[in-house]
Amino acid sequence: MTKSVVIVGGGPVGMSLALALHKQGVAAEIHDLRPRGAAAGDQRILALSHGSMQILSALGVWSQIKATPITNIHVSQRGAAGRTRISAQEEQVEALGYVASSSSIAMALDHALKEAGICFHGESRLLDATPDDAAITLKLSSGDLQTRLVAYAEGKIGEAAEVVERDYDQHALICRLTPARPHQGTAWERFTSHGPFALLPFENDYAAVYVCKPTDAERLKAMPDAELLAHLQQEFGPRVQFSAVQGRFIYPLGLRYRAQPTAQRQVWLGNAAQTLHPVAGQGFNLALRDCMALAHGLSDAADPGAPELLARYAANRKLDRSGTIAITDSLIRVFSNDDFLLKHARGAALIALDMLPPLRSFLARRMMFGARAW
Ligand SMILES: Cc1cc2nc3c(=O)[nH]c(=O)nc-3n(C[C@H](O)[C@H](O)[C@H](O)COP(=O)(O)OP(=O)(O)OC[C@H]3O[C@@H](n4cnc5c(N)ncnc54)[C@H](O)[C@@H]3O)c2cc1C
């Protein structure tokens, strides 16, 4: 029998899509190469926008996610003038965003899948896919099947023909920093010449993302705790004092995206469609908006893989997708260098942003809701 929708990849994006489709009455099943429940072991800490909180609430999982609210965001650059602050109070929202572990999000989604009776096939790796006009045949390690539409949420972009790529020659060092004083919900984004240094309030600590050259990241990863703490303190400056550091992971960073997120009977979502630099914390947020839009577009569809439906989805998502990619990419290119003129120009831009509430509000709403804010 030909299935309706098969999702390849049961990470946070694949599971969110399955739930979103279920809410629209579209049957879907998930196949993941890892055993079911493996996503609960993922170590990333994610900043979720206000809009993502609303989506996860609509999917019925928000109450299960342990999230720390962000009430202020402070943006500055190291070694030059200019800073700006965005506050939840000014934007008249309860929180500008939230910080949650990928693991807690995955557990909440998996629980909801079980409640909804959605099939999750663990240890089922996709080996090959062959589309034709009527369906697409998938060769999986668990057996072959046919479906009208395959949604790839595999967390990476394979060797596709049309991929746009930029290597920033940067790695992110992720760790947990304990502040000497309570963080009071303030997130910090500090741009340095070798990349951004972000602090996200997470439980009583900060989840830190420190971007630097790959060789420096390896060196920092191997440092004793006291030395690493002193290095990060010096890099961040005196505005926040750290008392302890825990855990450390390294991720290579780059921008990689498919020129087209759809093809015959196929759609790519999340990191399988675009792998973004985590500077603006937009990867999962964008993916959630994509999942909701796709699910809405497929409700009541006799054939969920029909070319006109996929074309409509791609057209509807173009502005948000390309805007999010462009904003993330320009933040890195404008802020991660030591050019004298640029350093002063961006200082002036931050001061201007600080003095122009409507512009600041526009940026805040773009980050909170995606292109809906335009
Ligand atoms: C350092 C860092 C910080 C980040 N911070 C943020 C942030 O603050 N906010 C934000 O919104 N985003 C952030 N992101 C991005 C976010 O982590 C990703 O967008 C999100 O986790 C991607 O989820 P996913 O489900 O697409 O992929 P994954 O979580 O990687 O899941 C993919 C799944 O597919 C399975 N799979 C792979 N290949 C196959 C196959 N052939 N067959 C079957 N199954 C397969 C895997 O086993 C896995 O379970 C960050 C990313 C990084 C690297």
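Please give the calculated 222 nm ellipticity per residue for the chain, where each DSSP H segment of at least 4 residues contributes -39500 (n - 2.57) and the sum is spread over every residue; nearest 500 deg cm²/dmol?
Helices in the chain give a 222 nm mean residue ellipticity of -11500 deg cm²/dmol.
Counting Lys +1, Arg +1, Asp -1, Glu -1, what net charge surrounds HIS296 among other residues with beta carbon under 13 Å of its beta carbon?
Once all neighbours under 13 Å are counted, the net charge is +2.
Under unit Cβ charges (Lys, Arg +1; Asp, Glu -1), what dipole magnitude, rounded to 20 debye, does the chain have relative to its Cα centre?
700
Any idea what the dipole of the range 168-254 comes to, in debye rounded to 20, about its Cα centre with Lys/Arg Cβ at +1 and Asp/Glu Cβ at -1?
Approximately 100 debye in magnitude.
Going highest first, how would you order 31-42, 121-132 by mean Cβ packing within 10 Å?
31-42, 121-132
What number comes out for the charge environment of GLU123, summing +1 per Lys or Arg and -1 per Asp or Glu over other residues with Cβ under 11 Å away?
That works out to +2.
Could you order the peptides 206-212, 62-68 from most to least packed, using the average number of other C-beta atoms within 10 Å per residue?
By packing density, highest mean first, the sequence is 206-212, 62-68.
Whose amide H sits under 5 Å from the amide H of ARG125, counting only residues 5 or more places off or on another chain, with H placed in the peptide plane?
Amide H to amide H, under 5 Å and 5 or more residues apart or across chains, ARG125 pairs with SER141, SER142.
I'd like to know which of ALA263, ALA293, GLN233 lies farthest towards the positive end of the charge dipole of the chain, counting +1 on Cβ of Lys and Arg and -1 on Cβ of Asp and Glu.
Of the listed residues, the answer is GLN233.
Between the range 8-85 and the range 213-289, what is the C-alpha centre distance in whole Å?
Here the answer is 15 Å between Cα centres.
Find out how many positive minus negative residues lie around GLY9, taking Lys and Arg as positive, Asp and Glu as negative, among other residues whose Cβ is under 10 Å from that of GLY9.
0
Which of the residue pairs LYS114/LYS318; LYS23/LYS114; LYS3/LYS114 have a Cα-Cα distance greater than 25 Å in the structure shown?
Going by Cα-Cα distance, LYS114/LYS318 fall outside the 25 Å limit.
In terms of modelled amide H atoms, which long-range or inter-chain residues lie less than 5 Å from the amide H of PHE202?
ALA207
Based on the mean of other Cβ atoms within 10 Å per residue, sort peptides 141-154, 313-326, 234-247 so the most packed one is first.
Descending mean neighbour count gives 141-154, 313-326, 234-247.
Computed from the coordinates by the stated procedures, all read-outs in this text should not be read as laboratory data. For clarity, every value in this text was computed on a predicted model and none was experimentally measured. Heads up, the Cβs are rebuilt from the backbone with ideal geometry, glycines too, and the neighbour counts pull from every protein chain shown.
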